[in-house]
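Peer 1: The structure follows.
The values are calculated or read from the model by the stated rules, or taken from the named source; none is laboratory data. Keep in mind the model is a prediction, meaning the values are calculated, not measured. Please note: Cβ atoms are built from the backbone with ideal geometry, for glycine as well, and neighbour counts cover all protein chains shown.
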Amino acid sequence: MMNLHFVNVGKGSCTIVEHESTHISIVDIDDSSTITAADLIAEGWTPTQIRDALSVYGKEGFRTLYESRQNTGLTDPVKYLSVLRQGAEPFRFILTHPHRDHMAGLARLAQSHLPLNFWDTNNAFEPDDPDTPDWEQYKVWRNSTSSPKCLRLHRGGTGDYWTADGITILGPTQQLEQSAKEGDLHDLCYVLRFERGEYSAIVCGDASIAAQENIVASVDSQFLKATVLLAPHHGSENNYSESFVNAVSPGLIVVSVAAGVDYARAKYEKHADTLSTKYWGNIVVTFSEQATYSTQYSRAA
């Protein structure tokens, strides 16, 4: 059995995969330290509430909105993992790309759930604000040779552990990494296929249209078909590729997106049933004798 947990982290992304081998893979993390005043306004906060939060927590203080998650309905991915794993360490953490809404919480994760392996990309990205605990943790991990061991992998790469865990790397390629250095960081995102038996899921990070169409042109069309698709870049209109979604031909599309943020819902719903974390909360897909899913909330919108 394989379980994929699409965690309701708001504007970012976090997918936790329980493999049949008992290994755990974490793809991206966001503990909402990247929530901004604009995000809070979109979620119904008043200017007075935001000023009060700033006075209590400081400019970075929206990360301490852990106490307020009952109001936003968000899930703390580190706490979620603690309950799920009951103290056991994850086998791998995969960072699709080093943008903040995919790595916020990395320092907290390192303190409580140190992975054995860390999958990074060969990128030259530098953030506007590098003096954060998560970026400092990233710099440590990207140069680490053990606990966790840093790996930089490409399409076609093979290894006993990820093969046994049903992981196939669809992207990036070395060519896409080079184009990302010259332009769009989203060109080098990890795009991963998780397979158990006849069922599979494709998790895309913020993969650009160029990255998606490169996959369509280069990967066997039958292998690219999947049961579930995590929509690229939180379902953004700018990263929607009709040819890619047609090639994947999913039965279910999951969108990791914050309340108050629009996505290309009408376009994705043409292809398959589409569930967003902002309305359905945590979404858990199970591959066993059948492919099934459950949601935290039972409301459609």
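Peer 1: Can you tell me how many residues within segment 253-288 are surrounded by fewer than 19 Cβ atoms within 10 Å (Cβ to Cβ) and either among the polar types (S, T, N, Q) or under 19 Å from Glu195 (Cβ atoms) (or both)?
Peer 2: Going through segment 253-288 one residue at a time, the tally reaches 4.
Peer 1: Still on this structure, please answer the following. What are the residue pairs meeting all of these: first residue in segment 258-271, first residue within 16 Å of Gly12 (Cα to Cα), second residue assigned to a loop (DSSP other than H, G, I, E, B) and among the charged types (D, E, K, R), Cβ atoms under 8 Å, and 6 or more apart or on different chains?
Peer 2: Pairs that qualify, where the first residue is within 16 Å of Gly12 (Cα to Cα) and the partner is assigned to a loop (DSSP other than H, G, I, E, B) and among the charged types (D, E, K, R), are Ala258/Lys11; Ala258/Glu43; Ala259/Glu43; Gly260/Glu43; Val261/Lys11.
Peer 1: Just name the residue that is farthest from the chain's Cα centre (by Cα) out of those in segment 166-217 that are within 20 Å of Ile283 (Cα to Cα) and either of a type in the set (Phe, Trp, Tyr) or surrounded by fewer than 17 Cβ atoms within 10 Å (Cβ to Cβ) (or both).
Peer 2: Here the answer is Tyr199.
Peer 1: Looking at segment 151-165, is at least one residue modelled with pLDDT of 95 or more, in contact with a His (Cβ under 7 Å, 6 or more places away or on another chain) and surrounded by 14 or more Cβ atoms within 10 Å (Cβ to Cβ)?
Peer 2: Yes, because at least one residue in segment 151-165 is modelled with pLDDT of 95 or more, in contact with a His (Cβ under 7 Å, 6 or more places away or on another chain) and surrounded by 14 or more Cβ atoms within 10 Å (Cβ to Cβ).
Peer 1: Shifting gears a bit: May I ask you to verify whether Arg108 is surrounded by 14 or more Cβ atoms within 10 Å (Cβ to Cβ), within 21 Å of Leu185 (Cα to Cα) and of a type in the set (Lys, Arg)?
Peer 2: Considered against the rule, which asks whether it is surrounded by 14 or more Cβ atoms within 10 Å (Cβ to Cβ), within 21 Å of Leu185 (Cα to Cα) and of a type in the set (Lys, Arg), Arg108 comes out as no.
Peer 1: Now for a separate question. Could you identify the single residue in Ser243, Ser298 that is closer than 30 Å to Gln174 by Cβ, among the small types (Gly, Ala, Ser) and free of Cβ contacts under 8 Å to residues at least 40 places away in the same chain?
Peer 2: Result: Ser243 is the single residue among Ser243, Ser298 that is closer than 30 Å to Gln174 by Cβ, among the small types (Gly, Ala, Ser) and free of Cβ contacts under 8 Å to residues at least 40 places away in the same chain.
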